[in-house]
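Visitor: Could you have a look at this structure, given as structure tokens, before my questions?
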Amino acid sequence: MAQAFGASTELVYSTLQNLANKDQQGFVNKAEFNRFAEIAQLNIFNSLFDELKDSMRMSKAGFNPGRDKARIKRIQEDLAFFSKKATITKSGDSFSKPSDLSRVIGLYTFGDILLDQSTKTPVEICYDEEKIERILLNNLSAPTEDFPVALVAEDIQIFPTSISKIELRYYKQPEGRSTSTGARTTTMPSMGNLSASADFELPSHYASDLVYEIGKMIGLNLRDQQIVAYTGQEMQTRKQAETF
């Protein structure tokens, strides 16, 4: 399904053009835009996890909790679009990670619904090979099917090894910008009408952040206030045009 709220490629590009002219930097060509657009989106996506962690820490510490709770909710809602679920069958002695995996949310043994109750079991996740060895060697902490443990490294290993199927919840990597048909493309077309090009996966309210990130890479001397003013004006103009 195509994402309806993705930040507009045309909006981000035209805003950069306006700011480049105002900054006397000349013309931002589509080849430059293409080179930096995907990495800018990835930078912003990765920064959301740091912002979420900081907001949760501030909220727990009691610093302006109302505002921090609102920020936490907003970031969680934005990240929810990137959340996916995959059922993975064991191959050899391990489970292969999905090719689009960015961060693991949770792991579960594959189960059924029995008497309206799920038989899935949460799997404790470990990223430290030395720690997993200590767990396996300790008779008191040795994993069982009721208390399984996973080592997440290049692939995923589940202990005990009798478990052959798992359910993985994770955040996927941002893809190329979405087209009107719902397909994805890894780069924006360097020629043609930008309005027909793919949009970003990040929600539309990240347009200013995208402008700022791409502008920094191109070398524009941008100020946050200026970006917000331009993107706000552009978005308002587009909304008014759509009402006629």
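The values are calculated or read from the model by the stated rules, or taken from the named source; none is laboratory data. Bear in mind that the values here come from a model prediction, so they are computed numbers and not experimental data. All Cβ positions, even for glycine, are placed from backbone atoms using ideal geometry, and neighbour counts span all protein chains on display.
Visitor: Output the residues belonging to the stretch 138-156 that are buried (at least 19 other Cβ atoms within 10 Å of the Cβ) and in contact (Cβ under 8 Å) with a residue 60 or more places away in the chain.
Guide: Passing the criteria: only Ile156.
Visitor: Tell me, which residue of the stretch 36-65 that is of a type in the set (S, T, N, Q) and modelled with pLDDT of 85 or more is nearest to Ser102 (Cα to Cα)?
Guide: That would be Asn46.
Visitor: So, one more: Mind listing whichever residues of the stretch 73-94 are in a strand (DSSP E or B) and aromatic (Phe, Trp, Tyr)?
Guide: none
Visitor: Let me ask something else. For the stretch 83-97, enumerate the residues that are out of contact with any Pro (no Cβ under 9 Å at 6 or more places or on another chain) and touching a residue at least 24 places away in the same chain (Cβ under 8 Å).
Guide: Ser83, Lys85, Thr87, Thr89, Lys90, Asp93, Ser94, Phe95, Ser96, Lys97
Visitor: Determine whether Phe159 is over 26 Å from the mean Cα position of the chain (by Cα), surrounded by 19 or more Cβ atoms within 10 Å (Cβ to Cβ) and modelled with pLDDT of 50 or more.
Guide: So Phe159 fits the description; yes.
Visitor: Among the residues of the stretch 1-35, which ones are of a type in the set (Val, Ile, Thr) and at pLDDT 90 or above?
Guide: Scanning the stretch 1-35 gives Thr9, Val12.
Visitor: Return yes when Ile135 is aliphatic (A, V, I, L, M), more than 31 Å from the chain's Cα centre (by Cα) and surrounded by 14 or more Cβ atoms within 10 Å (Cβ to Cβ) and no when it is not.
Guide: Yes, satisfied.
Visitor: Additional query: Any residue that is surrounded by 11 or more Cβ atoms within 10 Å (Cβ to Cβ), in contact with a Ser or Thr (Cβ under 9 Å, 6 or more places away or on another chain), at pLDDT below 60 and small (Gly, Ala, Ser) - is there at least one of those in the stretch 164-184?
Guide: Yes: one or more hits.
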